[in-house]
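Asks: There's a structure below that I have some questions on.
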Amino acid sequence: MESCQLPHFMNTFKNATFVNMVNSRAFFHLSLCVLFHGMSFLKAQQSSYNEKIYGVEFELPMVYVKGGDFVMGSKKTEVGHFGDEGPQHGVALNAFWMSQVEITWDLYNLFVSREIDQYQIKKDETSEVSVDVDAVSGATTPYVEMSFGMGVDGYPAICMTQLAAVKFCEWLSAMTGKFYRLPTEAEWEYAARAGSTAAYCFGEEVSELTHYAWYAENSNEKYQKVGSKKPNAWGLYDMHGNVAEWTLDQYIPTAYSKRKKGVDSPLETGEKIYPKVVRGGSWMDNPKRLRSAARRPSSKKWKKRDPQIPKSKWWHTDAPFVGFRVVRPVKVPSIEDQKKYWSYETD
Amino acid sequence: MTYKSKNQKEKGQSRRAFVQKTALATSALLTVPMSVEGMAHVHAEKKLKLALVGCGGRGSGAAVQALTADENVELVAMADAFGDRIERSLKGISEHFEGEKVINVQEKNRFVGFDAYKKAIDMADVVILTTPPGFRPYHFEYAINNDKHVFMEKPVATDPVGIRKVLEMAKVAKAKKLNVVVGLQRHYQSKYIDLKQKIDAGAIGKIRSGQVYWNDAGVWVKKRKPGQSELEYQMRNWYYFNWLCGDHILEQHIHNIDVANWFVGEYPESAQGMGGRQVRNGIDHGEIYDHHFVEFTYPSGAVISSQCRHIPGTMSRVDEVFQGTKGSLAIGKGEITDLEGTTQYKYPRKWGEDANPYQVEHDKLFASIRNGGVIADAENGAKSTLSAILGRMTTYTGKKITFEEALNSQLHLMPESLTWDSTPPSVPDANGLYPIPTPGKTKFI
């Protein structure tokens, strides 16, 4: 405990009051240390932070999302409700951090070019992951200019396959030593609602949507800089609109009907590449697709214009509306289990 | 949220779009405007035999499009310099059709090596030429001399010697009434066809200037592997060697230069430009530049600025815009504005609503073959290829060069004949680096 540093006010307090209580002092010191460390540990767990990417001046803000229960799905009476959003059911989730904004090209292109891999953090016993960056398979350089002239600096990355998004998470984990993955569909909806039970995080009024989201009506036919509208109650931006976001789940339209009694941390695993679930709607969509409960299946068609065979595993040439954000669960899975989150679609 | 197979969907869409397009059918470049009635009478009675020459990703994609365009087409032969590329291609094509169509290219009809193309072409009615572009003139020549219809990818050559051959064979193809489609697929893309019609109708007056772009992070690199001969290495990492690729101003940016030629309605009279390799300059990057900026001057006086860059972390843009005497056209936005900047026209269809032009070009090719039509893309393909080669010549030399000079140039990058024992045209020094063209020193040949 030699290294245990008490805060300044604690030292003053200790010296003034307990100066002669030699025997009990060591015990007290120990208790304070444990108490204080425990508190700081808890504090770190409950606060948001900026993930620093070494090798470039880039920080990814991560918002702490407390664990809890929520009602997933939507009522039949919700405007725009689609059959796959029901029945509503209770879901319990553990705490996690979620990136405050969608992953932008600034960061995504570093994964594609792999030019900062040499700056990966040295893994030690405090690391959540052991993966070496060299072991992470990389996306190919696309033939088509994938931002389609809509902007790169501060704009969301698009057109990646779910595999590419998953591998990005593995790469980010290798670079930072922390375990990152895509959100599950349930985590995504929980975070999007931010406590709301209405169609949108702010309520039911579609007229309000323009303050929170980029969508067909206000996007000027392109995606916009992330974080330029109002955040939801938990401080997350662009959960509605801008780009739709990949989740980990297989899209099963009837998935909710098996969850009537309520579920803990659901995840629909599946080997099939299509369809996976994307959430949140995009700059191309009408309001109903932006609803917190709205689910959209991915499709092979999103590669229609890829002129190559086999079509790229990494790029959806025809999906300029799809991007993603990352989460970091507070409870870190075992090294073995981590792999499941990073390689649903193996090479 | 129901699922049809991709093939069903693509076929359905391209057919629809085809009808829409033929209903328009007035573009100057669509040399064979076919009526909707004509389409209805297409009977695919005769089996058309298809050969694929150049079995990379793009060639395999083109084969799938050909097999999708017409129900009675059979892939009978494949040729590539490398056997592993053929096997990979065959697997990819078969998997694409997932049992909807049986792909059965017999092993004896999978030809490997530098002269494999002849054997594959011999077996076919229609051939797909998708090797690296340096080989194209020779493959095209053989196909036309043997009376085959052709789909060939852009660019169609890497040097003026090759261009002259393609121009010569383009005439022969026309005389023989053979169909030749070149993969400058913007000519088969509804948006471009629609906007070109507006420009021809005078929507922006006469084009005086324009800017065309292919700026992005660049393409793949294939690192040298132990045991590879210099020739095999260059053939695998072909993008970075001029005899095979012609530099990215040609291999990719040709699309945008070609659109400039198409919309201005002329080929450049002269060009001057600058370029270099600032970032992509390692031992894996052969001899090509990573950026070019060229000013093309047209006979009408129009000046088109062309820029292409392969540098990660820089502004990305692939687009064409033009300024005329009455207004401007921005093709990416699909927008025509007047001189005050007020929108006069907006291309109505949204993202993804247009038919896939890579499919349309094959739909047109096979429909034309069935109807006895003649699509003759080779001449424009050669002249747009030459325009990009001209651009490259100006950035490498730093000189102003005319289109005529480029056309008559004696530059001959592609070896006359190749075996696996041949030495490629450029070889690395002791440090593994290749001679790099230097403005002011590199001579115009």
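Asks: State which residue is nearest to B:PRO439 (Cα to Cα) when the search covers only segment B:265-307 and only residues that are in a loop (DSSP other than H, G, I, E, B), touching a residue at least 60 places away in the same chain (Cβ under 8 Å) and of a type in the set (D, E, K, R).
Replies: B:ARG277
Asks: Return the residues of segment A:269-294 that are at pLDDT below 95 and either of a type outside the set (Val, Ile, Thr) or buried (at least 24 other Cβ atoms within 10 Å of the Cβ) (or both); say none if nothing qualifies.
Replies: Once the filter is applied, which keeps residues that are at pLDDT below 95 and either of a type outside the set (Val, Ile, Thr) or buried (at least 24 other Cβ atoms within 10 Å of the Cβ) (or both), segment A:269-294 yields A:GLY270, A:GLU271, A:LYS272, A:TYR274.
Asks: Let me ask something else. Failed condition for B:SER306, given (1) buried (at least 21 other Cβ atoms within 10 Å of the Cβ); (2) more than 30 Å from A:LEU110 (Cβ to Cβ); (3) hydroxyl-bearing (Ser, Thr, Tyr), with all others met?
Replies: Of the numbered conditions (1) buried (at least 21 other Cβ atoms within 10 Å of the Cβ); (2) more than 30 Å from A:LEU110 (Cβ to Cβ); (3) hydroxyl-bearing (Ser, Thr, Tyr), the odd one out for B:SER306 is (2).
Asks: Return yes when A:PHE82 is out of contact with any helix residue (DSSP H, G or I) (no Cβ under 7 Å at 6 or more places or on another chain) and within 14 Å of chain B (Cβ to nearest Cβ) and no when it is not.
Replies: Against the criterion (out of contact with any helix residue (DSSP H, G or I) (no Cβ under 7 Å at 6 or more places or on another chain) and within 14 Å of chain B (Cβ to nearest Cβ)), A:PHE82 qualifies.
Asks: Which one of A:SER147, A:SER196, A:SER130 is over 15 Å from the mean Cα position of the chain (by Cα), within 14 Å of chain B (Cβ to nearest Cβ) and hydroxyl-bearing (Ser, Thr, Tyr)?
Replies: A:SER147
Asks: Let me ask another. In segment B:369-390, which residue that is out of contact with any strand residue (DSSP E or B) (no Cβ under 7 Å at 6 or more places or on another chain) and under 16 Å from B:ALA175 (Cα atoms) is farthest from the other protein chains (Cβ to nearest Cβ)?
Replies: The extreme case among them is B:GLY372.
Asks: Test B:SER426 against the stated conditions and say whether it is crowded, with 16+ Cβ neighbours inside 10 Å and among the small types (Gly, Ala, Ser).
Replies: Yes; evaluated as a whole, the condition is true for this residue.
Matching residues to (1) within 30 Å of B:GLN323 (Cβ to Cβ); (2) in contact with a Leu (Cβ under 8 Å, 6 or more places away or on another chain); (3) polar (S, T, N, Q); (4) part of a helix (DSSP H, G or I):
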| residue | (1), (2), (3), (4) |
| --- | --- |
| B:ALA124 | no, yes, no, no |
| B:GLU141 | no, no, no, yes |
| B:LYS165 | no, no, no, yes |
| B:ARG186 | yes, no, no, yes |
| B:LYS191 | yes, no, no, yes |
| B:SER209 | yes, no, yes, no |
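Asks: Here are A:PRO320, A:PRO333: which of them is more than 19 Å from the chain's Cα centre (by Cα), surrounded by fewer than 24 Cβ atoms within 10 Å (Cβ to Cβ) and assigned by TED's automatic domain parsing to the domain that holds A:PHE82?
Replies: Within the list A:PRO320, A:PRO333, the selection yields A:PRO320.
Asks: Do the conditions hold for A:ALA139, that is, is it on the phi < 0 side of the Ramachandran plot, within 14 Å of chain B (Cβ to nearest Cβ) and in contact with a helix residue (DSSP H, G or I) (Cβ under 8 Å, 6 or more places away or on another chain)?
Replies: So A:ALA139 passes the test.
Asks: Consider segment B:199-247. How many of its residues are modelled with pLDDT of 95 or more, of a type in the set (Asp, Glu) and either closer than 20 Å to B:ARG317 by Cβ or within 19 Å of the chain's Cα centre (by Cα) (or both)?
Replies: 1
Asks: Can you spot a residue in segment A:254-267 that is within 12 Å of chain B (Cβ to nearest Cβ) and under 22 Å from A:GLU85 (Cα atoms)?
Replies: Checking segment A:254-267: at least one residue is within 12 Å of chain B (Cβ to nearest Cβ) and under 22 Å from A:GLU85 (Cα atoms).
Matching residues to (1) closer than 23 Å to B:ASP115 by Cα; (2) of a type outside the set (Asp, Glu); (3) over 12 Å from the mean Cα position of the chain (by Cα):
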| position | (1), (2), (3) |
| --- | --- |
| B:GLU141 | yes, no, yes |
| B:LYS148 | yes, yes, yes |
| B:MET152 | yes, yes, no |
| B:VAL156 | yes, yes, no |
| B:ASP159 | yes, no, yes |
| B:GLY162 | yes, yes, yes |
| B:ALA173 | yes, yes, yes |
| B:ASN179 | no, yes, yes |
| B:VAL182 | yes, yes, no |
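Asks: A:TYR341 passes all but one of (1) more than 14 Å from chain B (Cβ to nearest Cβ); (2) assigned to a loop (DSSP other than H, G, I, E, B); which number fails?
Replies: With (1) more than 14 Å from chain B (Cβ to nearest Cβ); (2) assigned to a loop (DSSP other than H, G, I, E, B) applied to A:TYR341, the lone miss is (2).
Asks: Could you tell me whether B:THR130 is within 14 Å of chain A (Cβ to nearest Cβ), at pLDDT 95 or above, crowded, with 22+ Cβ neighbours inside 10 Å and in contact with a helix residue (DSSP H, G or I) (Cβ under 7 Å, 6 or more places away or on another chain)?
Replies: yes
The values are calculated or read from the model by the stated rules, or taken from the named source; none is laboratory data. Quantities reported herein were computed from a predicted structural model and do not represent experimental measurements. Note that each Cβ is placed from the backbone with ideal geometry, even for glycine, and that neighbours are counted across all protein chains shown.
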